[in-house]
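The values are calculated or read from the model by the stated rules, or taken from the named source; none is laboratory data. Quick caveat: nothing in here was measured; it's all calculated off a predicted structure. A quick note on method: Cβ atoms are made from the backbone with ideal geometry, for glycine too, and the neighbour counts reach across all protein chains shown. To get the accessible areas, we keep the full protein, side chains included, count just its heavy atoms, and leave off ligands, DNA and RNA. Shrake-Rupley method; radii C 1.70, N 1.55, O 1.52, S 1.80 Å.
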Amino acid sequence: MSRPREGAGGGRWSRRGLLLAGATAGVGTLGGALVGRSTAPGAEPTGPPPPHGEGTVSFHGTRQAGIETPPQANVRLLGLDLDPETDAEGVRRLLSLLGDDVARLSRGEGALADTEPELAAVPARLTVTFGFGRGLVERVAPDAVPSWLTDLPEFDHDALRSEWGQTDLLLQVCSDDPVTVAHAARVLLRDARAHTRVRWVQDGFRRARGAERDGTTMRNLMGQVDGTVNPAPGTEDFDHLVWSEGGPGWLAGGTSLVLRRIATHLDTWDELDRPAREAVVGRRLADGAPLTGENEHDEPDFTATDAGGLTVIPGFAHIRRARSEDPEERVFRRSYNYEDPASGESGLLFVSFQSDPVRRFVPIQRRLDELDLLNEWVTAVGSAVYAVPPGCAEGGFVGEGLWEG
């Protein structure tokens, strides 16, 4: 016998009561809440389609999706290690199967043998980007490992934890809908199970799509505008900084991905007053403008002084330490916030793309490590580097160039 449940009015809901309520749901207050959508049993919903849920991004193409793609609201980063017995042919089968899954899911279709294809019907700009760690490349073609595909140098302010370390394979799953992300990740992990084991899963988020105007720079959980200085996709500057030049042939037209899990110490950050927070970063909280400017994208004046003769943007400010006189020392960042309620830790999943992390990313990080005052409130606890192959055509798979010579 069904156990009765509490009703909204304090009584008990019985199974009979629920059935009666369902039969009359098209009238009264409940019916008013469903205006514009059919309530007839078995009928298709009517009214306009959802504003963002039907958006798709093709998996196939010259470049992998999820790099130049305007950032979606949600990300799930899957770090996988190959099983010891998985050989080069096993890696090929794995990548081919996962590629087929992603191609279908990104079109809003269920993957093969998908037990819940209905969850795939709202792609909401789903993308999955493949990144290869050194271990995967060595398993297939040991002589084809890029020189930069190795651990980053040690930095004094890091406190790296092995549970967030380097893996053989990275899957960056992004969508504007969290249910879509969860379903896609579940499908991919199921099909990867025969050849891999999960090292870590990292979830991140931005503002929901539509909450702000498109193109608005994200804010991190410290309240700061995060990522103002970024090369614009589709420009010559972006192409030069991001896409691989030289190196092994299988990576031509690809890039590299640096992932840093950066914990933020919000309890002590909250102790700073607003002017102190702005001095640490070098930008105003309200609009992200540099302390010497009026608008977010104004060029900072690092020589400007105040009435007392002090530099307006201090030498220890984050934007000052991140800036280089060498235009080659730049990256394209595509980061997300994260929060772990169980541990109380929150922070930033810093994701950057660049043609060569040793040439472009490492010099920036060294300057930050030396003097950036923000280090008092942020600590890198995870770090990894991946080679991101170019895209693939229909019938192919990401990374197939590894088997071509």
Study note, to complete from the structure: Carbon/sulfur accessible area of the range 87-161, % of total, 1.4 Å probe, equals 48 percent
Exercise for review: Using 0.36 nm per residue of separation minus the Cα-Cα distance, give me the extension gain between Glu339 and Asp270 in nm, one decimal.
Suggested key: 23.2 nm
**Study point:** Global size of the range 52-127 as Cα Rg and Dmax, reported in angstrom
**Key:** 13.9, 42
Practice item. Equivalent ellipsoid semi-axes for the range 257-405, as square roots of 5 times the alpha carbon gyration tensor eigenvalues: give them largest first, rounded to whole Å. Key: 34, 20, 14
Check your understanding: Mind listing the phi-derived Karplus ³J(HN,Hα) values for the range 129-134, rounded to whole Hz, using 6.51, -1.76 and 1.60 with θ = phi - 60°, and x for any glycine or proline?
Key -> 10, 9, x, 9, x, 4
Revision key, fill the gap. Sorted largest first, the Cα spans of the range 131-197 on the principal axes come out in Å as 37, 34, 20
Exercise for review: Enumerate the amide H contacts of Asp168 below 5 Å, restricted to partners 5 or more residues apart or on another chain; note that Pro and chain-start residues carry no placed amide H.
Suggested key: Leu80, Asp81, Leu82
Exercise for review: Give me the angle, in degrees from 0 to 90, between the Cα long axis of helix 178-192 and the longest principal axis of the Cα atoms of the chain, rounded to the nearest 10.
Suggested key: 80 degrees
Check your understanding: More than 18 Å apart: what percent of Cα pairs in the range 89-217 qualify?
Key -> 62 percent
Practice item. Return the sequence-ordered ³J(HN,Hα) values of the range 354-359 in whole Hz as given by the Karplus equation 6.51 cos²θ - 1.76 cosθ + 1.60 applied to θ = phi - 60°, using x for Gly and Pro. Key: 6, 5, 8, x, 5, 7
Point to revise | Distant alpha-carbon pairs in the range 293-346 (separation over 15 angstrom), percent | key: 68 percent
Point to revise | Check: the chain dipole with +1 on Lys, Arg Cβ and -1 on Asp, Glu Cβ, in debye | key: 1780 debye
Check your understanding: What share of Cα pairs, in percent, lie more than 30 angstrom apart in the chain?
Key -> 48 percent
**Study point:** Residue-by-residue Karplus 3J(HN,Hα) for the range 83-100, coefficients 6.51, -1.76, 1.60, Hz, glycine and proline x
**Key:** 5, x, 8, 6, 9, 4, 5, x, 5, 4, 4, 4, 5, 5, 5, 5, x, 5
Practice item. For the range 188-338, go through all pairs of different Cα atoms, get the mean of 1/r, take its inverse, and jot down that Kirkwood value in Å. Key: 18.5 Å
